[in-house]
Amino acid sequence: MVVKSKVPQIRFKGLIREWDSKKLGEIANFSKGQGYSKNDLVEVGKSILLYGRLYTKYQTVISIVDTFVKEKNNSIFSKGNEVVVPASGETAEDIARASAINISDLLIGGDLNIIYPNNKINNIFLALNISNGKTQKDLSNKAQGKSVVHLRNNDLKEIDLIYPETIEQTKIGNYFQKLDKLIEQKQIKQQKLIQFKKAMLDKMFPKNGANTPEIRFKGFGVEWEEKSLGELCSISTGKLDANAMVQDGKYRFYTCAKEYLRINNYAFNTDALIVSGNGANVGYIHYYKGKFNAYQRTYVLDKFLDDIIFIKYILDRYLHQRILIEKNEGNMPYIVLGTLADMAIMLPFSLKEQTKIGNYFKKLDYQIDLQLQELEKLKNIKKASLDKMFV
């Protein structure tokens, strides 16, 4: 391997030595996990790391697990300084990833390659190095197979590992651990807000058969009334077909996706809810005021006499239930215009109450979006750091 420079773009202050380079096989020992699969899991037993965790709940550093088995003979236990790499997977990119184990006495299940680095290599640094950049690409190229790809310890031994002195490895490992912790905290906070919104949607709109919600703002006590959505607004379909020329244009173009595109002409100039009519995101609702265009399998709801934001959250609460009720067995869920027009809506007579409810959920969505933006920012920082802090 030809390396132009053994110095990364970004380094910690005071660290100036050029990085070393050796085959991983020269500075580490190797083993394989044994036995055990998800069929062996029990509610109470010995903690175990199964290879599936590296896909479903990937972590750079594993310090706690929530899976347990009954111990078998000849089991492999961690010492607390290993790196594990999947031995097989669906794609080469999937298995070219590694996690550092920082706890001892953890069972290591089958189909995992185990690396025991010597005392000159920090296991967190090694896991990061294997999982990113050139090393990951090299391992992906070594992975063999079609329907299932495999990665052997002999492949790992051939890695050209470029590494700094241990103090710099430790600093790099600690930096990314802190970054991962911040990312995890943002993810947890966002999920809590999403769950809270779901609970409040359930409590602030009437349940089936009821004419008042469980929770209301102070000062409102009149029973809600039922109307069809077709009575509350105008419903039309988009104007463009799937083969429409989409350009980097001036106006928004809504399709059945969560994101919008851009196009150079518009068909609507209104305050509207745009509802995805089919596909993976069926029932997804955009709110937009202004000039836009729409795919013919989306629905444009406008000319509301009631609070449009309130109606958006009513649909958030009930539309997917209605879609699933009408779903044909074996088919992708979809919405026909009649599904929307005939949909029964319970709503308060007071426009003031509608507005309060709509604004409440709008603020909740703002907080959820804010957490998402901060989460994406942290992920971008991590991606840039991985790119610039390794050779």
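Could you work out the local net charge near residue 136, counting Lys and Arg as +1, Asp and Glu as -1, over the other residues with Cβ closer than 10 Å to its Cβ? Net of charged neighbours comes to +1.
For a 21 Å ceiling on Cα separation, which of these pairs sit above it: 198/258; 157/388; 227/352; 197/362? Working shown, then result.
On the way: 198/258 19 Å; 157/388 25 Å; 227/352 18 Å; 197/362 10 Å.
In this structure, 157/388 lie more than 21 Å apart at Cα.
When the Cα positions of 126, 268, 188 are compared along the charge dipole of the chain, 126 comes out farthest toward the positive end, with charges on each C-beta of Lys, Arg, Asp and Glu. Taking the Cα centre of region 197-379 as reference, the dipole from Cβ charges on Lys and Arg (+1) and Asp and Glu (-1) amounts to some 520 debye.
Think of each Lys and Arg Cβ as +1 and each Asp and Glu Cβ as -1; about the Cα centre, that makes the dipole of the chain roughly 1080 debye.
Could you state the per residue volume, in Å³, of the convex hull enclosing the Cα atoms of region 197-379? The partial results should precede the final answer.
Values: hull volume 26.0 nm³, N = 183.
Each residue corresponds to 142 Å³ of Cα convex hull volume.
Taking every pair of distinct Cα atoms and averaging 1/r, then inverting, what Kirkwood hydrodynamic radius in Å comes out for the chain? Before the final figure, lay out the partial values.
Numbers: mean 1/r = 0.0397 Å⁻¹.
Radius from the Kirkwood sum: 25.2 Å.
Which angle from 0 to 90°, rounded to the nearest 10, does the C-alpha axis of helix 166-203 make with the longest principal axis of the chain? Approximately 20 degrees, to the nearest 10.
In units of the rule-of-thumb radius 2.2 N^0.38 Å, region 303-391 shows an alpha carbon radius of gyration of 1.66.
Pairs 38/186; 203/377; 239/289; 189/363; 32/382; 57/142: which are spaced more than 27 Å apart, C-alpha to C-alpha? Over 27 Å Cα-Cα: 38/186; 203/377; 32/382.
For region 20-163, place one equal point scatterer on every Cα, skip the solvent, and apply the Debye formula. What is log10 of I(q)/I(0) at q = 0.12, 0.15 Å⁻¹? The calculated log intensity ratios at q = 0.12, 0.15 Å⁻¹ are -0.44, -0.69.
Every read-out reported here was derived from the displayed coordinates using simple, explicitly stated rules and does not represent laboratory data. Small disclaimer: the values here were computed from a predicted structure and weren't measured. Counting neighbours? That spans all protein chains shown, and the Cβs are built from the backbone with ideal geometry, glycine included.
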